[in-house]
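Written out below as C-alpha cells is the structure these notes cover.
The values are calculated or read from the model by the stated rules, or taken from the named source; none is laboratory data. Remember, predicted model here, so these are calculated numbers, not experimental data. Cβ sites come from the backbone with ideal geometry, for glycine too, and all protein chains shown count toward neighbours.
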Amino acid sequence: MALSKDIYKAFEDVVGAENICDDPVIMPAYHSAELGAVILPKNTAEVQAIVKLCNKYKLQFRAVCTGWTGMFPKGIIYLDMRRMNHIVEINEKNMYAVVEPYVISAQLQAELMKRGLHLNMKGAGANCSAMLRGHGHLDQTTSGDDRNQLAIEWVTPEGDIVRLGSLGSSDEWFCGDGPGPSLRSLINSAVPPGVTPGVFTKSAVKLYHWPGPPSFPIEGESPLYTMSEIPANMMVRYFSFPSVEKMWEAELKIGESEISFELMGFNVSMVAANITTSNEEETEVFERLNKAVQGPGFMVIIAGNSPEDFEYKKRVLQQIVSDADGKSLEAVEDPRIEGILLCQCIRISASIRETFRNGGAFNSIPIMGQRDLTIKWAIGAGKAKEPLIEKGLIVDDGGAFFGWGVEQGHLGKTEIFCKFDPSNLEAKAAVEGWQKEQSTRAFKERYFANLLMGQTEEIGPALSNYHLWWQKFTEAIDPNGVSPGGGALV
Ligand SMILES: Cc1cc2nc3c(=O)[nH]c(=O)nc-3n(C[C@H](O)[C@H](O)[C@H](O)COP(=O)(O)OP(=O)(O)OC[C@H]3O[C@@H](n4cnc5c(N)ncnc54)[C@H](O)[C@@H]3O)c2cc1C
C-alpha cells in the first residue's frame, strides 16, 4: 500500500530521503509487507512533524522501539525509532536516567553498573527498549511496569508535545505525576491491549542500587554466557518445596526480610532452558532436574553489600528455607551453573529459550497483582492442564506455573503457559479452550480479570466501566483516529 508521490515527498522533506522507505522488498523485514512506509525520525521535532502530516492526510501511524510486539494495520506509517538512541542523562544523585526510545536495556545497564546503579529490565530481554514499561526477573528489587516511569515527553496523536509530571512544571525529570491531576495511568499502556496512543520521545526511568561489580565479568557466547569469576558477594540457589503453600511461606518471609536481590519462581523446565543450548540437551537436563526436585520452587540470587551483609543474608535464607522444608537443587550449586544463571538472569539474556522451550508455540495467562491470590488461582489452572498433558496435546513443563515477587513481595506476577505444536490444530483448539475457561473462572471467582481475553462487555462493568472511559479518552485525544492500539504487551 504505497503512499502517493506527494505524500511520500511531504514525509521525505521532514526526515530526508535516506530515512524513509516504502520499498516492497524492505517492508516485510518490518512486521508486515503492507505498511504504508517506514520512517526514521531523529528527534522530537521530526516525530511531531510526521504526526501532524499523518493527521493532515488521515494516515494511521505507530512507533516501534525494538519491535518485539505490536500489531500494524494495512497502510500504517511505521515510525522506526532507532535513530533516537541517546542516553540523555544519568542522574546519580536523584537516581534516575533519561533515555530516548531506542536505548536498549543492555546499553543502559552497562553504563549504570559502572556507577553502582541498576534498572528494571523487561523479562523479554536486555535487547528491548529501556524506556517502555515492563516487568521481569529483577522486579523483587527494581519493581516493575509503570512504577518505574517518571517524567515523560510525549507527542500526542494530534502532534502536540506534552511534558508530563515534574518535567512540565519544573523542567526536571524526577517525578511522573502532578502538579494536579496526572495523565500517567492513561499514557502508560495501563489499559490493555498495550494501547498507548501517540509517541513517547523521552522518558525518565527510576534507578536502583547495584551491589555487583562495575563491569560484568562475562565469558562465553550466546545463548550460553557465563562469568569468568563469580563475584565474592553473590550466590544463586534453586529451592524446591513439598507444596505450593510451603513455597509461598518461604517466598513471603524472603520478601519480608529483604534479603534477596532476585527471586524468580522458575519451574525446573525454565532452569533447564536457561542452562542449555539445544532442545535435545534441554530435554535431557529437564528430565534429570525434574527428578531431583520435590515440588514447586524458585531461584534466589543473594547479593551482599559487605562480607558481613552477605553472610547474614545467606544465614537468614537458610533458616527460612529449612523452616519451610525446602531443598536446594544440587545442580545449581555448581559454580559453572551459578555463573550461567547470574548472567542470564541479571543481564536477562535467555528469555526466548525460557519462554518457548520445546513445543514451538505457547498460549499463556499472565497476571500481575497480589501474588498469593494469583498462586491460588494458578493451582486450579495447572490442574486443568493435566488432561491436556495426558492426551499429548501440550508439553509437560514440570510445573504448573511460574512467577516472581515484585517489590519484596508486596506485589507479584504469576503466569501459566500451555506449550504446544502450532501445526496440531486439535492442540491449538484445546489450549484456546483452556485459556478462555480459566480466564472466565478467574473473573467469576474474583481472582482477577484477564483483560487480554477481550471480554470487555462482561468485565468492564465490574471495573468502573473502564472500557467506556478509555473509548471517550481516545476519541478526545485522537479525533482523526490516526493512532491505533498496538497489540498486547504481556
Ligand atoms: C518471548 C517473549 C517474552 C516476553 N517476556 C516479557 C516479559 O517478561 N516482560 C515484559 O514486560 N514483556 C515481555 N514480553 C512482551 C513484549 O514483547 C515486550 O515487553 C516489548 O515488546 C519489548 O520490546 P520494546 O520495549 O523494545 O517494545 P516494542 O516491541 O518496540 O513495542 C512494544 C509496543 O509499544 C509500542 N511502542 C514502541 N515504541 C513506542 C513509543 N516510542 N511510543 C509509543 N508506543 C511505542 C509499539 O508500537 C508496540 O505496540 C515478551 C515478549 C516475548 C515475545
Whether any residue in region 233-246 is in a loop (DSSP other than H, G, I, E, B) and out of contact with any strand residue (DSSP E or B) (no Cβ under 9 Å at 6 or more places or on another chain) is what I want to check. yes
Selection over region 195-223 where residues are within 16 Å of the ligand (Cβ to nearest atom) and on the phi > 0 side of the Ramachandran plot yields a count of 1
Where residues in region 397-451 are polar (S, T, N, Q) and under 23 Å from Gly295 (Cβ atoms), which of them is surrounded by the fewest Cβ atoms within 10 Å (Cβ to Cβ)? Gln438
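Scan region 340-357 for residues that are assigned to a helix (DSSP H, G or I) and of a type in the set (D, E, K, R) and jot them down. Spell out the reasoning first.
Taking region 340-357 first, the residues assigned to a helix (DSSP H, G or I) are 340-346, 351-356.
Once the filter is applied, which keeps residues that are assigned to a helix (DSSP H, G or I) and of a type in the set (D, E, K, R), region 340-357 yields Arg353, Glu354.
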Quick check: is even one residue across region 90-99 of a type outside the set (Gly, Ala, Ser) and within 12 Å of the ligand (Cβ to nearest atom)? yes
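Every residue, every condition in (1) of a type in the set (Phe, Trp, Tyr); (2) modelled with pLDDT of 90 or more; (3) surrounded by fewer than 19 Cβ atoms within 10 Å (Cβ to Cβ); (4) assigned to a helix (DSSP H, G or I), yes or no:
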{"residue": "Asn120", "(1), (2), (3), (4)": "no, yes, no, no"}
{"residue": "Arg133", "(1), (2), (3), (4)": "no, no, no, no"}
{"residue": "Gln140", "(1), (2), (3), (4)": "no, yes, no, yes"}
{"residue": "Leu150", "(1), (2), (3), (4)": "no, yes, no, no"}
{"residue": "Pro157", "(1), (2), (3), (4)": "no, yes, no, no"}
{"residue": "Glu172", "(1), (2), (3), (4)": "no, yes, yes, no"}
{"residue": "Ala190", "(1), (2), (3), (4)": "no, no, yes, no"}
{"residue": "Pro197", "(1), (2), (3), (4)": "no, no, no, no"}
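Out of region 263-289, which residues are more than 20 Å from Asp323 (Cα to Cα), out of contact with any Ser or Thr (no Cβ under 7 Å at 6 or more places or on another chain) and surrounded by 17 or more Cβ atoms within 10 Å (Cβ to Cβ)?
Across region 263-289, the qualifying residues are Phe266, Asn267, Val268, Ser269, Met270, Val271, Ala272, Ala273, Asn274, Ile275, Thr276, Leu289.
Somewhere in region 350-359, is a residue within 22 Å of Pro296 (Cβ to Cβ) and among the hydrophobic types (A, V, I, L, M, F, W, C)? Walk me through how you get there before you give the answer.
The first filter runs over region 350-359 and keeps only residues within 22 Å of Pro296 (Cβ to Cβ), leaving 350-351, 353-359.
The next check asks that each one be among the hydrophobic types (A, V, I, L, M, F, W, C); those that pass are 350, 356.
Checked region 350-359: at least one residue is within 22 Å of Pro296 (Cβ to Cβ) and among the hydrophobic types (A, V, I, L, M, F, W, C).
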Taking the residues in region 8-38 that are touching a helix residue (DSSP H, G or I) at 6+ places or on another chain (Cβ under 6 Å) and under 13 Å from Gly75 (Cα atoms) as candidates, determine which candidate is surrounded by the fewest Cβ atoms within 10 Å (Cβ to Cβ). Ala33
Restricting to region 309-324, name every residue that is surrounded by fewer than 17 Cβ atoms within 10 Å (Cβ to Cβ) and not small (Gly, Ala, Ser). Asp309, Glu311, Tyr312, Lys314, Arg315, Gln318, Gln319, Asp323
If only one of Arg371, Arg347 is over 15 Å from the mean Cα position of the chain (by Cα) and crowded, with 17+ Cβ neighbours inside 10 Å, which one is it? Arg371
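Within region 145-167, can one find any residue that is more than 25 Å from Leu53 (Cα to Cα) and near the ligand (Cβ under 8 Å from one of its atoms)? Give the derivation first.
Kept after step one, since they are more than 25 Å from Leu53 (Cα to Cα), are these residues of region 145-167: 145-151, 165-167.
Retained after the next criterion (residues that are near the ligand (Cβ under 8 Å from one of its atoms)): 145.
Yes; the residues of region 145-167 include at least one that is more than 25 Å from Leu53 (Cα to Cα) and near the ligand (Cβ under 8 Å from one of its atoms).
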Within region 332-341, can one find any residue that is in contact with a Leu (Cβ under 6 Å, 6 or more places away or on another chain) and either within 27 Å of Leu224 (Cα to Cα) or surrounded by 17 or more Cβ atoms within 10 Å (Cβ to Cβ) (or both)? no
Based on this model, can you work out whether Ala126 counts as hydrophobic (A, V, I, L, M, F, W, C), in contact (Cβ under 8 Å) with a residue 40 or more places away in the chain and either within 12 Å of the ligand (Cβ to nearest atom) or assigned to a loop (DSSP other than H, G, I, E, B) (or both)? yes
Just for region 47-78: of the residues that are within 9 Å of the ligand (Cβ to nearest atom) and among the aliphatic types (A, V, I, L, M), which one is farthest from Lys122 (Cα to Cα)? Val47
Which helices (runs of 4 or more DSSP H) does region 358-477 wholly contain that include 1 or more residues that are touching a residue at least 40 places away in the same chain (Cβ under 8 Å)? 371-383, 386-390, 425-444, 466-477
Run Ala110 past the list (1) part of a helix (DSSP H, G or I); (2) within 14 Å of the ligand (Cβ to nearest atom); (3) of a type in the set (A, V, I, L, M, F, W, C) and report the number of the one that doesn't hold. (2)
Heads up, the strands (runs of 3 or more DSSP E) in region 1-92 (entirely inside) with at least 3 residues that are closer than 30 Å to Met113 by Cβ are 87-91
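Determine if region 259-269 includes at least one residue that is in a helix (DSSP H, G or I) and either among the basic types (Lys, Arg) or under 22 Å from Leu373 (Cα atoms) (or both). Please lay out each step first, then the result.
Quick first cut of region 259-269, residues in a helix (DSSP H, G or I) only: 268-269.
Retained after the next criterion (residues that are either among the basic types (Lys, Arg) or under 22 Å from Leu373 (Cα atoms) (or both)): none.
Taking every residue of region 259-269 in turn, none turns out to be in a helix (DSSP H, G or I) and either among the basic types (Lys, Arg) or under 22 Å from Leu373 (Cα atoms) (or both).
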Give just the number: which of (1) in contact (Cβ under 8 Å) with a residue 60 or more places away in the chain; (2) under 22 Å from Gln408 (Cβ atoms); (3) within 16 Å of the ligand (Cβ to nearest atom); (4) surrounded by fewer than 22 Cβ atoms within 10 Å (Cβ to Cβ) does Gly116 not satisfy? (3)
